[in-house]
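One structure is given here, and the rest of the page talks about it.
Please treat every number below as a calculation from the coordinates, not as lab data. Source: prediction; values computed, not measured. Every residue, glycine as well, gets a Cβ built from its backbone with ideal geometry; the counts of neighbours run over all protein chains shown.
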Amino acid sequence: MSDFSLQAKCHFDSYYSVIIEDDGRVAYAYLMEGEDMVGEVWLYNQQSAPQNSNWHEQQPPYLNTEEYIDKSVRVPPLTDKGEIYLEWTESPDNGAVEVGIYIREKFIAQIITGSKPGWSTLVIKDGPLALVY
C-alpha cells in the first residue's frame with residue numbers, strides 16, 4: 001500500500017488550496033482557505049471497505065463502508081501528482097470556491113466551500129464521508 005500527499009493552490013486565488021492525502025489506507029481531499037479546512041470529501045479506500053461503520057473501532061481518517069461505495073469501481077492508489085487534475089471555479093452568486101477533482105482524467109469528486117462532506121461519483125448513497133454526485 002502506498003502513501004501520497006499533494007497540496008495544490010487555486011490558480012485564481014492562492015489563498016485557497018486542496019490537500020490530497022492517501023495514508024496507505026484511505027484517501028481524502030481537503031479544501032483549504034489559508035490554514036482552515038473549509039471542505040472535505042472521501043476519495044477512495046486502499047484497504048477493504050468495512051461492512052459497517054464502527055467508527056469507534058477505526059482511527060481517522062475513516063474508511064468508507066460497503067453500504068455507501070460503488071463496488072463496481074476501483075481507483076488504484078495515487079502515485080504521481082500528474083494523475084490529478086483540479087478544476088477550480090468561483091460561484092458568481094456567493095463567491096464560494098468549488099473544485100472538481102479528476103484522477104487519471106476521470107471526474108471523481110467535488111468540494112465547495114462549506115461542504116463537509118463533499119460529493120463523490122464513487123458512492124451510491126449519501127453518507128457521512130461523501131454525498132452522491
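Loop only per DSSP, at most 11 neighbouring Cβ atoms within 10 Å: give me the GluC sites (Glu not before Pro) in region 56-133, ordered by residue number.
For GluC sites (Glu not before Pro) across region 56-133 that sit outside H, G, I, E and B with at most 11 neighbouring Cβ atoms in 10 Å, the list reads Glu105.
Show me the trypsin sites (Lys or Arg not before Pro) within region 1-98 that DSSP assigns to loop and that have at most 14 other Cβ atoms within 10 Å of their Cβ.
Values: sites: Lys9, Arg25, Lys71, Arg74, Lys81; in loops: Arg25, Lys71, Arg74.
Those that pass, being in a loop and sparsely packed, are Lys71, Arg74.
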Hey, any idea what the orientation-averaged projected area of the convex hull of the chain's Cα atoms comes to, in nm²? 8.0 nm²
Cross-link partners of Lys9 among aspartates and glutamates (Cα-Cα below 13 Å; sequence separation of 8 or more within a chain): Glu33, Glu35, Glu87, Glu98
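What size of dipole, in debye to the nearest 20, comes out for the chain about its Cα centre when the only charges are +1 on Lys and Arg C-beta atoms and -1 on Asp and Glu C-beta atoms? Present the calculation step by step, with values, prior to reporting the outcome.
On the way: 9 positive and 21 negative charges, 84 e Å.
Around 400 debye, computed over the chain.
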Pop the C-beta distance of Val75 and Asp36 into the FRET formula with R0 = 30 Å and round what comes out to the nearest 0.05. 0.65
With the crude spin-label approximation of a point 7 Å out along Cα→Cβ, what separation in nm comes out for Asn94 versus Gln58? 2.8 nm
